[in-house]
Every structure is written in C-alpha cells, then in structure tokens.
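To keep things clear, I will list the structure first and then write my remarks on it.
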Amino acid sequence: MVKKKTIKDFMRMKKEGEQVAWVTAYDYPMASFAEQAGMDMILVGDSLGMVVLGYSGTNPVTMEDCISHCQAVRRGAPNTFIVGDMPFMSYQKSDEDAVANAGRFIKEAGVDCIKLEGGMRVASRIKAITDAGIMVMGHIGLTPQSTGQLGGFKAQGRDVNSARNLIRDALAIQEAGAQMLLIEAVPPEVTGFIAKKLEIPVYSIGAGSCDGQLLICSDMLGLFQAFTPKFVKKYANLSQIIINAFKEYISEVKSGVFPADEHMYHIQEPEEEFERMFKEFK
C-alpha cells in the first residue's frame, strides 16, 4: 500500500531538491490511475468547469461541484495527498465564508489541503483558514478566476512591475500561513527566484522549474480538445483512441458483428421450456 505523503514530506523534498510530481484529476478512475502510478499529490481543480462540465471558464463551478468531485477522487486515491480547489465566490466574500467552505472540503470530501487564488488581497482569508487548522496552498500568476481583470488567459510576471507584484504576493501568502504555493504561467526566472526566496514548497504549472510540476490530466493525456496551453506536454493522445473505438463500435453494431455469441448470457434450462413459456404470452 502506498504511504500518503504529508506536509513534512513535501518540506523535506524541497530541502533535498526532490521534485514533486502531481496532476489535476476529477474522478474515481483517473485518481485511481494516478495513485497506482505513484503520483505525489492530486489537485481536484475548478478547471473541471471546462474539461468536465463544458463551461467556457471556471467561474460557474459551484461548491457542490467541487465537493462531489473531491469525494470521487478521494475514493479513487485513498492514500494520496489531495488538494481541493475553492471555487469562485466560495472565499471572496469574507473570512467567515472562507473558513466555512474550506471546512466543507475537509469534513465532506476528506481532502488534505485547500487551494485558493490570489496574493495580498486574500492574505486574511489564508490566515483565517490556517488558524482554523486547515492547510492552504496559495495560487498566483495566471489565476483563472480573475481572467477578466488579467485580460484573458495570459502569462503573468513578464515585465519588472508585474514580477515585483508576484514576489510581493508570494511573500504575503507565506506570511499569512500558507504551507505551499502554486505559480501558473510565469517566466522561469521569476518562479525560480520565488522558490529560493520562500521557505514553503513552490510548485509550477507552466512556470518553469521549482520544487515540483503540475499538469492537468486531461491536457497531458490528450483528452481535452478545445485548446492546449503552451506549457503542456502531451504524453498520450487518448481522444483519438476513444473516437476510433466509438467508430468501431458503431460500425459493428450497425453491421451486426456486435454482440457476438461470447458477449451473451445463455439459458440454463431446456429450450423447449422457454418455448412453452413464450407461448403463454401469445
């Protein structure tokens, strides 16, 4: 049985220079595959809004959506460290709302940590949640819940002023008590500086090398076809395999090849008995 990692393991890995490999997953089968492969962590991201539920962004995702998917992932990966992503407006309103909703992730879904977006502006939320005894991962850079303010899904920290603000956000997140930080779509020079500056583990999704790497399972496996971010490496093209399998199934059904005899259950009494029984309904 795989031994679930803890924050102590992630701190040790940062200190020893061992990379953390983790993915975003949303359901029981994918979580099970990730655990069997030896994944260090799983994030149940609000990106499920796009890759699972078909929305154009993450903001329509609800607490109920996130809790349900976290529960499925926990069932699939009982021995893996799981991070639950707090959806839009589940923590923005007040510290009290933030704590209550973070608590739902722990009590109802059994996650080990929650993630929320933002830097200095959410420092009080992070402090309130950590003061309640719940682990927090910060998230800065390209923050999908704020794409309206960012002008779309665009890389951040590419000029000095933007990079300076990211560093200030990272420091504020650590100061507020967060145990980990995720940086998205930021130049590696900025990410590397932040990773060395902070004592807590710093992870990247499209932000170069630091203490570990995150990819969305649907991207890396070629399941999500709407678009592929620049930072994604596809390790498989499952969408085409699935489409081809569906096409073959359709063809076999229409031609009568499927189902064949080996796909059928057969009667256990003499055929004559069934013939007499059928006659009762004529």
(request) Considering only segment 166-213, state which residues are assigned to a strand (DSSP E or B) and among the hydrophobic types (A, V, I, L, M, F, W, C). (result) Met180, Leu181, Leu182, Ile183, Val202, Ile205
(message) When you check Ala77 against the structure, is it of a type outside the set (S, T, N, Q), more than 23 Å from Gly206 (Cα to Cα), touching a Phe, Trp or Tyr at 6+ places or on another chain (Cβ under 6 Å) and in the same structural domain as Val186 (by TED's automatic domain parsing), yes or no?
(response) no
(message) For segment 3-46, give me each residue that is in contact with a strand residue (DSSP E or B) (Cβ under 8 Å, 6 or more places away or on another chain), small (Gly, Ala, Ser) and more than 25 Å from Asp65 (Cβ to Cβ).
(response) Ala21
(request) With the condition kept exactly as written, say whether any residue in segment 82-102 is surrounded by fewer than 18 Cβ atoms within 10 Å (Cβ to Cβ), touching a residue at least 40 places away in the same chain (Cβ under 8 Å), closer than 20 Å to Cys217 by Cβ and not hydroxyl-bearing (Ser, Thr, Tyr). (result) no
(request) Taking Pro188 as meeting all but one of (1) in contact with a Ser or Thr (Cβ under 9 Å, 6 or more places away or on another chain); (2) modelled with pLDDT of 95 or more; (3) buried (at least 19 other Cβ atoms within 10 Å of the Cβ), write down the number of the exception. (result) (3)
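Please work out which residue is surrounded by the most Cβ atoms within 10 Å (Cβ to Cβ), limiting yourself to segment 171-185 and to residues that are of a type in the set (Gly, Ala, Ser) and closer than 13 Å to Cys113 by Cβ. I'd like the intermediate steps shown before the answer.
So in segment 171-185, the residues of a type in the set (Gly, Ala, Ser) come out as 172, 176-178, 185.
Keeping just the survivors that are closer than 13 Å to Cys113 by Cβ gives 177-178.
On the way: Gly177: 17, Ala178: 26.
Among them, the one singled out is Ala178.
Quickly run through segment 57-100 and pick out the residues that are assigned to a loop (DSSP other than H, G, I, E, B) and hydroxyl-bearing (Ser, Thr, Tyr). First the steps, then the outcome.
The first filter runs over segment 57-100 and keeps only residues assigned to a loop (DSSP other than H, G, I, E, B), leaving 57-62, 77-80, 86-94.
Scanning segment 57-100 gives Thr58, Thr62, Thr80, Ser90, Tyr91, Ser94.
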(message) Here is a check on your reading of the model: is Phe193 over 30 Å from Gly45 (Cα atoms) and of a type in the set (Phe, Trp, Tyr)?
(response) no
(request) Select from segment 178-194 the residues that are touching a strand residue (DSSP E or B) at 6+ places or on another chain (Cβ under 6 Å) and in contact (Cβ under 8 Å) with a residue 60 or more places away in the chain and list them in ascending order. (result) Met180, Leu182
(message) Against the conditions (1) outside any helix (DSSP H, G or I); (2) out of contact with any helix residue (DSSP H, G or I) (no Cβ under 8 Å at 6 or more places or on another chain), where does Val111 fall short? Just the number, please.
(response) (2)
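Mind telling me which of the residues Gly38, Gly119, Gly54, Gly76 ends up being under 20 Å from Glu199 (Cα atoms) and either surrounded by fewer than 21 Cβ atoms within 10 Å (Cβ to Cβ) or in contact (Cβ under 8 Å) with a residue 40 or more places away in the chain (or both)?
Working: Gly38 fails: under 20 Å from Glu199 (Cα atoms); Gly54 fails: under 20 Å from Glu199 (Cα atoms); Gly76 fails: under 20 Å from Glu199 (Cα atoms).
Just a single option satisfies the conditions, and that option is Gly119.
Return the residues of segment 3-26 that are in a loop (DSSP other than H, G, I, E, B) and either farther than 21 Å from Leu221 by Cβ or in contact with a Leu (Cβ under 9 Å, 6 or more places away or on another chain) (or both); say none if nothing qualifies.
Selection gives Lys3, Lys4, Lys5, Thr6, Gly17, Glu18, Ala25, Tyr26.
How about segment 216-257: which of its residues are in a loop (DSSP other than H, G, I, E, B) and polar (S, T, N, Q)?
To start, the set of residues in segment 216-257 that are in a loop (DSSP other than H, G, I, E, B) comprises 221-237, 256-257.
The answer is Gln225, Thr228, Asn237.
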(request) Among what's in segment 191-233 and is exposed (fewer than 13 other Cβ atoms within 10 Å of the Cβ) and more than 24 Å from Asp159 (Cα to Cα), pick the residue that is farthest from the chain's Cα centre (by Cα). (result) Glu199
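Tell me whether segment 186-194 contains one or more residues that are touching a Cys at 6+ places or on another chain (Cβ under 9 Å) and among the polar types (S, T, N, Q).
Start the filter on segment 186-194 by keeping residues that are touching a Cys at 6+ places or on another chain (Cβ under 9 Å), which leaves 188, 191-192, 194.
Those left that are additionally among the polar types (S, T, N, Q): 191.
So far as segment 186-194 goes, yes, one or more of its residues are touching a Cys at 6+ places or on another chain (Cβ under 9 Å) and among the polar types (S, T, N, Q).
The values are calculated or read from the model by the stated rules, or taken from the named source; none is laboratory data. As the structure is a computational prediction, the values presented were derived from the model and not from experiment. Neighbour counts run over all protein chains shown; Cβ positions are idealised from the backbone, glycine included.
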